[in-house]
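Working notes for the structure below.
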Amino acid sequence: MKPYRAELMVCAGTGCVSNGAFQVKDALENEIKERGLENEVRVVTTGCNGFCGVGPLLVVHPDGIFYQLLTTKDIPYLVEEHFLKGRPVQRLMYTPPEDKLPVPKMSEIEFFKHQMLIALRNRGIIDPENIEEYIARDGYTGLAKALNGMTPEEIIQTVKDSKLRGRGGAGFQTGVKWELTRKAKEKTKYIVCNADEGDPGAYMDRSILESDPHSILEGMIIGARAIGAQQGFIYIRHEYPLAMKRLLIAIDQAKEYGLLGDNIFDTGFSFDIQVHRGAGAFVCGEETALLSALEGQRGEPRPRPPYPVEHGLSGYPTNINNVETWANIPVIISRGAKWYAEIGTENSKGTKVFSLVGKINNTGLVEVPMGIKLRDIIYGIGGGIPDGKKFKAVQTGGPSGGCIPDSLIDLPIDYESLKEAGSMMGSGGMVVMDEDTCMVDVARYFLTFTCDESCGKCSPCRDGTKYLLDILTRITEGKGNMEDLDLLEGLSKVVKETALCGLGQTAPNPILTTMKYFRDEYESHIKDKKCPAKVCRQLNIYTIDEERCVTEGHGCGVCMRECPEKAITGEKKKAHKINQEICVKCGACYDVCRFGAVIVE
Amino acid sequence: MINITLNGKKLSVEEGMTILQVAQQERIDIPTLCYHPLLEPYAACRMCVVEVKGDSKSELKTSCNTKVQEGMVIETDSERTLNARRLNIELLMARAPAAKVIQEMAAQMGIEKTPFPIENPEAKCILCGMCVRVCEDVVGAHVLTFEERGFERKVTTAFNMPSEKCIECGACAYFCPTEAIRVEDFRGREVLHSELTLGPTTAIRIPFMQSTPNVPFIDKDNCIHFKTDKCKLCEMVCEPEAINHDVEDTFKEIEVGSAVLATGYELLDCSNMPQYGYGRLDNVITSLEFEHLCHASGPTGGKILLKDGREPKGVAILHCIGSRDENYMKYCSRVCCMYAMKMAHLVHEKVDAEVYEFYIDIRAFGKGYEEFYNRMQKEGTHFIRGKAAEVTNAALIPEEENKLIVRAEDTTVNMIRRIPVDLVILCPAIVARKDSEKIMKLFGLCSTPDGFFKEQHPKLGPVSTDADGIFLAGACQGPKDIPDTVAQGAGAAGAVMSLGDEVAIEPIFSAIDEEICVGCKICIGVCPYDAISYVEDKKISSIEETLCKGCGACVAACPSGAADQNCFTNSQIEAEVSGALF
């Protein structure tokens, strides 16, 4: 490869792309050409960098200088200053919330500093559409080792020793699962990569698929060898077109290089992978529902037992692992189980990728060792809560998870501790909430999701979630009573205990945890008919601070024009008023008033 | 064998059994809704949950699909289990408040009301998927499926349209635990007397009570297996493994010297007579259907019931439906008067109802018949002389509300009468079978103008036919009651016996001269008795002497003069003609 003076790694993950990363990249290339730098400076598109909140972004190697929030307008100046004159542009660098000084180097930024990259080892470094770059980063060495120097039993033993647990949420020991599938009687065996990531706000699987598709292929080929599978499937959401495109390119390249297909590495071992597009049902992330969908049936879970390791795809033993699990495999094989098992806590080894979203300064994907404290993620990597607001809770595990209150902020994060707190690891979604969040509303939001996504097969999930949602809606509208709380709790428990699959069994978690840690908020909705966070608009009373309206806004009348019910009266330069009898509490006046004259109580 | 503890009792059970199977074996009641022993466990209703206790934690598991494991400790009625079942049934009560099985299950648990809102008080479907699974896995018709998801889920067909793939087997309705699926006959009536109306029939049945041999058979026309190549549930449940679907019908050729035709009759299709409302109005049935209804092995076990299960208070029996009628059959069906009176007698015996007989004349011509007629008059049967003109449900006066009204001219008092009743029994005309023409062609027979087989002579040959060695018995010759049929049958049997080994034929028959015949086949087309066949290897036509009646059609038609008739050869006729002329 030709050496360049500088390599500009433009993030081309979905987040950055939707903010115009490709336009930025084109502008960069044009500008570099115009300045005659094309032989010295090269632009590379990489997979998701992880710091999605500040995209489109650019990392300049070899210095590792990080530019954020780029627009095409910034490019000519950036190219001239940095690449022609050698003066990095401070204006486009990351500045920590409480600091005035920008941090030029990516490795010095708090967001990146505390991360430990295993599954995301190649993110932002390689071009995901180029297999050679993957190989240059020691890619496929794990496969070479597994195929040439190890028996299937040794591979399984290594994975078992590493104590890697399924990253899809339930945390079953991956090595044990592999062994069960290997030992199943049938000769035909399948392996499946579950890339049907559906939790709202979670996108770590997409990021891995987009930034490093070969790591999944390598993991799957090693897995197939260990299990004795001849055919693999990747079940990917239709909503991930970019990930799918890169995956298909990766498969073609791997076949071209003899890493996939017949007679891999001349060892006589053959394995093929097929990509299957999901039609967009959340429940298809559940393994048995995924298998049904893969068979061409309605995507509905089947009763377990029998488990897929014995009776899976079309009745054959099938091993299903999540994207992140597969991505961990090559490193475990090449670097050894001992190295991996040293990371993390006693029962949860290795690292976990979380998508850190919500009311947090640094939004993005973070990979951290197991056992890290919640505080370190939120205040360290995440940079705390914006606008100096107070941290209230963090919701982990997506719609199936629970809310962890600020009292548990020093909780070390692993499978067991999260479960104890009433939540779960899930696929790794982490939604941070500040004091302006109503916990009843949060529970209602997640129930809306699960109720909508329930397949409807078993009655507790189909009907139970619907009635749970009904009760929650009633409470947020101020129509609840205290008996509702008992019914809510009782029904939640029964749904959790008796639902057929993971979706229903975890759907009440948001209710149960919010009721456990924030019961006072429920009571205040019911008894006082007040929403403490002022989110549930039906419980709010909107009034206008007359003095402010006149002195600050000069009676601008915007609220009057916006009010859909014509409940606001007033004249220019005079104070406006809200007629409480007509007001439907839509909050439009509050949203439009630029002078803070509309008050919510 | 595996050791488990079930409700505190230590048991040793076979490996591979589910908890539910063990519990049923131990006579422990676990409620189930979506479980059926002939279907794969579906585990959707969650009613069969039991508590499985482990060392550190105990879990609720569905007993229908969880297999027993060594050392399992199972509680089928712990507080936790019962609580889960209770809330689950409350959820289902809100979904399907009209489902009887849910109401009963709830009542058993002491639940009267569900705390959840009821959207449709008429709803019955609990989405147990029994129908969908049966249609898919057992029947293999793939007609039913689920639509939508979550709370909106429902059972439907593709695009919510009547499916062409439906084989109308009724399995979905049979398996449905809540009666949410109903089978209706083609006129939209609910099937109460499934055998009377045209609802689905069972594919395995004993043809009739007195059949020999008295064993069930598989009706290929109705058997699901022969439509979709699946099902075979009967094979699964038949312990002696007596069922074999691969057995084919075999055709045997038997050489006989003579045959007795006793192919019987049909009843006139009453639905072509709209004035009587058959097939349109409920509780208008034919005499044969009433016969079936009365029978101890019939749909109601011999009780005379209306469609809605009530006993009739008034019954009208309408004679001469299509018989003695210029518009339908001119002849008298002969048996109706007497069986109509027998039916009146049965109604008197079984229910407390008024019986009206609408007749033209009472033809009680047999031995003891007139006496029976007199007895019926004494029993209180109302005899109204006048043919029923119409059956309607349009009431004119309050007494006629919700009744069937029979309108007839009573010729004894010379007025039109309207009689309100609950049940109308039609006595349709006895007609020749639809396929009788085919039989006639096969045996070389003729028919009388009404379509019945023609006997050789009405007085001198009432049993034999124009075809030698072919005899008639019973209603295939014409309407006939049982004694007459038995007598004719015995006569036919006697005639067969008297034949011995040979059939005596008339001396006049045709023959084809093999030397002259060119094999043009013209004679085969003109022979009314199917007596001529083509001999492939000789390439000539040949006459079967026993079938030939000596009509001479072939002789006249033969262009080459090969056909000749003995006793009437050309030279003989020429001699006769010249003798007569000169």
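The values are calculated or read from the model by the stated rules, or taken from the named source; none is laboratory data. Note that the structure is predicted; figures quoted are calculated from it, not measured. When we count neighbours, we look across all protein chains shown, and the Cβ atoms used for this are built from the backbone with ideal geometry, even at glycine.
A few notes on this one:
- Selection count, the stretch A:456-475, where residues are in contact with a Cys (Cβ under 8 Å, 6 or more places away or on another chain), facing chain B (nearest Cβ under 7 Å) and not basic (K, R): 2
- Any hit, the stretch A:9-23, residues being within 30 Å of A:I360 (Cα to Cα), out of contact with any Leu (no Cβ under 6 Å at 6 or more places or on another chain) and assigned to a strand (DSSP E or B): yes
- Checking each residue of the stretch A:188-197 against the condition of being over 17 Å from A:G166 (Cβ atoms) and of a type in the set (D, E) gives no match.
- From the list B:K61, B:K57, the lone residue that is within 13 Å of chain A (Cβ to nearest Cβ) and surrounded by fewer than 16 Cβ atoms within 10 Å (Cβ to Cβ) is B:K57.
- Restricted to the stretch A:338-389, and to residues there that are part of a loop (DSSP other than H, G, I, E, B) and among the polar types (S, T, N, Q), the residue that is nearest to A:C48 (Cα to Cα) is A:T363.
- Checklist (1) in contact (Cβ under 8 Å) with a residue 60 or more places away in the chain; (2) of a type in the set (V, I, T); (3) closer than 21 Å to A:G502 by Cβ applied to B:T76, failing item: (3)
- Single residue of the stretch A:509-555 satisfying the filter (β-branched (V, I, T) and closer than 22 Å to A:C451 by Cβ) that is surrounded by the most Cβ atoms within 10 Å (Cβ to Cβ): A:I511
- Number of positions in the stretch B:124-159 that are over 22 Å from B:L233 (Cβ atoms), touching a residue at least 40 places away in the same chain (Cβ under 8 Å) and either among the acidic types (D, E) or within 14 Å of chain A (Cβ to nearest Cβ) (or both): 3
- Qualifying residue in the stretch A:434-450 (condition: closer than 30 Å to A:K113 by Cα and surrounded by fewer than 18 Cβ atoms within 10 Å (Cβ to Cβ)): yes
- For B:A473, the test of being in contact with a Gly (Cβ under 8 Å, 6 or more places away or on another chain), of a type in the set (A, V, I, L, M), modelled with pLDDT of 90 or more and in the same structural domain as B:K434 (by TED's automatic domain parsing) is passed.
- Conditions (1) crowded, with 20+ Cβ neighbours inside 10 Å; (2) closer than 21 Å to A:G384 by Cα: number failed by A:G53: (1)
- Selection count, the stretch B:493-522, where residues are closer than 17 Å to B:T546 by Cβ and either in contact with a strand residue (DSSP E or B) (Cβ under 9 Å, 6 or more places away or on another chain) or assigned to a loop (DSSP other than H, G, I, E, B) (or both): 15
- Remark: pairs (first residue in the stretch B:41-52, more than 10 Å from chain A (Cβ to nearest Cβ); second residue charged (D, E, K, R); Cβ separation under 7 Å; 6+ apart in sequence or on different chains) = B:V50/B:K61; B:V50/B:E75; B:V52/B:E59; B:V52/B:K61.
- Here A:E300 fulfils each of the conditions (1) outside any loop (DSSP other than H, G, I, E, B); (2) in contact with a Lys or Arg (Cβ under 8 Å, 6 or more places away or on another chain) apart from (1).
- Residue under evaluation B:E90, criteria (1) within 10 Å of another protein chain (Cβ to nearest Cβ); (2) touching a strand residue (DSSP E or B) at 6+ places or on another chain (Cβ under 9 Å); (3) not in a loop (DSSP other than H, G, I, E, B), criterion not met: (2)
- Qualifying position, being hydrophobic (A, V, I, L, M, F, W, C), buried (at least 16 other Cβ atoms within 10 Å of the Cβ) and outside any strand (DSSP E or B), among B:L426, B:L445: B:L445
- Some residue of the stretch B:65-74 being of a type in the set (S, T, N, Q), within 8 Å of chain A (Cβ to nearest Cβ) and surrounded by fewer than 20 Cβ atoms within 10 Å (Cβ to Cβ): no
- Selection status of B:A340, assigned to a loop (DSSP other than H, G, I, E, B) and closer than 28 Å to B:P479 by Cα: no
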